[in-house]
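Heads up: the structure comes next, in structure tokens.
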Amino acid sequence: MNPIVDVLIIGAGASGAAVAWSLAETKMRILCLEQGEWVKPADYPANGRDWEARLWSDFALHPNQRANSADYPVNDTDSAMKVANYNGVGGGTILYSAHMPRLQPSDFRVRSLDGVADDWPIDYTTLEPFYDENDRMMGIAGLAGDPSGPPREPPMPPMPLGRTGERFARAMNRLGWHWWPSFAAIATTPYDGRAACINLGHCTPGCAQGAKASVDITYWPHAIRAGVELRTRCRVREITTSAQGMATGVVYYDHDGVEHFQPAEVVVLACNGVGTPRLLLNSASSRFPDGLANSSGLVGRNLMMHPWPQVRGFVDDELDGDHGPMMALYSKQFYETDRSRDFLRGYMLALTRVTGPVNEAVTSAAAGQLPWGADHHRVFRERRYRRRLVIGIGCEDLPEVHNRVTLDPELRDTNGIPAPRLDYIIGENSRRMIEHAIARAEEILVAAGATDLFTSRTVLNTPGHLLGTARMGDDPATSVVNAWGRSHDVKNLFIVDGSVFVTSGGVNPTATIQALALYIADQMKRRLADLFD
Ligand SMILES: Cc1cc2nc3c(=O)[nH]c(=O)nc-3n(C[C@H](O)[C@H](O)[C@H](O)COP(=O)(O)OP(=O)(O)OC[C@H]3O[C@@H](n4cnc5c(N)ncnc54)[C@H](O)[C@@H]3O)c2cc1C
Ligand code: SF4
């Protein structure tokens, strides 16, 4: 049997890395089990000419399409949005776009302000020092002074706006709407051993330059140097419990499919908003027949995924297209509730650069905007390539109990562990919000001189935001964990990933996920004596 550890973290993605690093200073025995492997920078698609094709194979956003040995399948046939994730050291940060906005103070008080959903048991001020700590650890580039939110002082200067950003900025100025350069986890100067961005290419399938802050190159090296053990190719099947209802450790399979038991004093879940409820539901026992930590019945429920409509258009002159990080600017002009509209809450506008030539050709042809035959190359060269402007819209979706993760009765991963199934529909409030947002995005594109507009109402397997399935709260009847991430039912079990979100906000969640992980780690350190009761 493996020797017992003090803290066992499951999952080495954005939140697992942050909690491991923060707890390391306690000098406790800390082990992280991760089902995937380290990704070598030399293996990133960006090193080869086939980088776009590999976004449809071994670096695909959807785990079923990628089907690497570390991936588990997901049944999302009945979900209006599909999963996007990465399973390996770094988790979703391997594939993310590194746009790192924060929630607004209002996001923590949705029930009080708007009479829907629930308030969080913590507020923006509680998280603020951890947001700042995360900015330093991830290395955020950005510009201080954004009037749309509380002060933020990123450690590096912002990314250049580029031709796309300047075009968008002029359009937003014409309309008189808020915009600000993206806060990006992308080094614009050498930072903590990372090289600066060279604006060369598309960042989604991994940054071989090391400029994009995936947690395998930010938190993990520091955590490992401080004594944390990270064991890869270890897939956890279930969390085991004692007769007293405390977590005792986990059962996992190693790379060769051999089953092991790893005992632990404290278990921390960091498997994301789908992997965490899956594991809790797979840990059902006679004492916890509905799944572990599930006396509220809310494990897996209230899944929020951020509907992400996109509107695009084309301008006459050549922009910087596939050169440089995806996000140029963002806008919170329509973020807060406005009672004159027919929906509550709001959305962020992401004003982006686009992807490479293959994607341009494929999507334009599919939309009937690129002819086949004699004119194909001319139209591509003169009217399409590097001429596209894209606006992605991050819509806040409200928590709804019918949107949920359960266990699929048939689908299993390669170790025979039941796979997750998603049932998710886009709510009425979100639908109205989407229509409002699309109309505003079209106004921006027209103001930017774009024509041939094209709208996708939902972009299926993006943005990879998996939230709300083990929400935090003060009342054990209406939440899974308390205000510091501790399970109401199992006192030595903690959750630190996006599952604990009470509401989703309308921005990309990783800065908040990591700030929460650091905050929960801080609470654990302050209450060390309690942990081992
Ligand atoms: C294409 C794409 C673009 C994105 N862009 C952005 C962006 O610009 N900004 C932003 O804020 N967010 C973005 N995201 C989302 C971001 O990646 C996630 O919010 C973030 O990674 C979630 O962190 P996490 O710790 O909750 O989970 P993850 O990072 O998903 O980590 C979970 C880890 O747990 C492991 N795991 C799961 N189950 C088990 C098990 N049973 N045993 C062992 N290990 C297990 C997984 O292998 C994985 O490594 C994007 C995501 C994708 C896919
Ligand atoms: S553009 Fe910058 S961040 Fe993106 S892959 Fe290239 S070097 Fe990395």
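The values are calculated or read from the model by the stated rules, or taken from the named source; none is laboratory data. Since the structure is predicted, the reported quantities are computational estimates derived from the model, not experimental observations. Please note: Cβ atoms are built from the backbone with ideal geometry, for glycine as well, and neighbour counts cover all protein chains shown. Just so you know, the surface numbers come from the protein's heavy atoms only, side chains and all, with ligands and any DNA or RNA stripped out. Shrake-Rupley method; radii C 1.70, N 1.55, O 1.52, S 1.80 Å.
Near the amide H of residue 152, within less than 5 Å, lie the amide hydrogens of 145, 146, all on another chain or at least 5 residues away, with H placed in the peptide plane. Which net charge results for the neighbourhood of residue 153, defined as the other residues with beta-carbon distances under 9 angstrom from its beta-carbon, given Lys and Arg at +1 and Asp and Glu at -1? Value of the local net charge: -1. The charge dipole of segment 393-533, taken about its Cα centre with unit charges on the Cβ of Lys, Arg, Asp and Glu (plus for the first two, minus for the last two), comes to roughly 320 debye.
From helices alone, the chain scores -7000 deg cm²/dmol at 222 nm; the rule is -39500 (n - 2.57) for each run of n ≥ 4 DSSP H residues, then divide by the residue total.
What does the charge count around residue 514 come to, taking other residues whose C-beta lies under 13 Å from its C-beta (Lys +1, Arg +1, Asp -1, Glu -1)? Neighbour charge sum, excluding residue 514 itself: -3. Of the residues 108, 418, 48, the one whose Cα sits farthest towards the positive end of the charge dipole of the chain is 48 (charges of +1 on Lys and Arg Cβ, -1 on Asp and Glu Cβ, taken about the Cα centre). Placing unit charges on the Cβ atoms of the charged side chains and taking the dipole of the chain about its Cα centre, the candidate lying farthest along the positive direction among 350, 79, 380 is 380.
Phi-derived couplings, Karplus 6.51 cos²θ - 1.76 cosθ + 1.60 at θ = phi - 60°, listed residue by residue for segment 473-483: x, 7, 9, x, 6, 10, 8, 9, 10, 8, 5 Hz, with x used for Gly and Pro. Calculated on the alpha-carbon coordinates, the convex hull of segment 425-533 measures out at 131 cubic angstrom per residue. Restricting the GluC sites (Glu not before Pro) of segment 20-58 to loop positions (DSSP other than H, G, I, E, B) with no more than 14 neighbouring Cβ atoms within 10 Å leaves 25. Phi angles of segment 516-530 translate, via the Karplus equation with coefficients 6.51, -1.76, 1.60 and θ = phi - 60°, into HN-Hα couplings of 4, 4, 5, 5, 5, 4, 4, 4, 5, 5, 5, 10, 3, 4, 4 Hz per residue; Gly and Pro are given as x.
Hey, if we sort 306, 178 by accessible area with the 1.4 Å probe, largest down, what's the order?
178, 306
For the chain, the calculated P(r), taken from all Cα-Cα distances in 10 Å bins from zero up to the bin holding the longest distance, is 4, 20, 31, 27, 13, 4, 1, 0 percent.
With a Förster radius of 35 Å applied to the beta-carbon distance between residue 376 and residue 255, the computed FRET efficiency rounds to 0.15.
Annotation: aspartates and glutamates with alpha-carbon distance below 17 angstrom to residue 332 (same-chain offsets under eight excluded): 107, 146, 396, 397, 435, 442, 443. Projecting label points 7 angstrom from Cα along Cα→Cβ for residue 47 and residue 192 puts them 2.4 nm apart. Near residue 413, the amide H atoms lying under 5 Å from its own belong to 419; only residues 5 or more places off or on other chains count, and H is placed 1.01 Å from N.
By how many nm would the segment from residue 316 to residue 342 lengthen if fully extended, with 0.36 nm per residue of separation less the alpha-carbon distance?
Result for the pair: 5.8 nm of gain on full extension.
Applying a threshold of 21 Å to the alpha-carbon distances of 212/525; 491/525; 40/212 flags 212/525 as lying beyond it. For segment 110-255, the direction-averaged projected area of the alpha-carbon convex hull comes to 14.6 nm².
Comparing 31, 211, 524 along the charge dipole axis of the chain, the residue lying farthest to the positive side is 211, per the Cβ-charge model.
Only protein heavy atoms count here; under a 1.4 Å probe, residue 401 has an accessible surface of about 80 Å².
Computed from point charges on the beta carbon alone (+1 for Lys and Arg, -1 for Asp and Glu), the dipole magnitude for the chain about its Cα centre is near 760 Debye. Note on segment 1-65: with charges restricted to the Cβ of Lys and Arg (+1) and Asp and Glu (-1), its dipole about the Cα centre is near 120 debye.
If you take every residue apart from residue 231 with its C-beta less than 12 Å away from the C-beta of residue 231, what net charge results, scoring Lys and Arg +1 and Asp and Glu -1? Local charge sum for residue 231: -2. Listed values for segment 189-198 are Karplus-derived 3J(HN,Hα) couplings in whole Hz (6.51 cos²θ - 1.76 cosθ + 1.60, θ = phi - 60°), namely 9, x, 8, 6, x, 9, 7, 6, 4, 9, and x replaces Gly and Pro.
For segment 31-121, the list of trypsin sites (Lys or Arg not before Pro) that fall in a loop by DSSP and count at most 14 other C-beta atoms within 10 angstrom reads 49. Taking Cα atoms only, the orientation of helix 124-138 departs from the longest principal axis of the chain by about 80 degrees.
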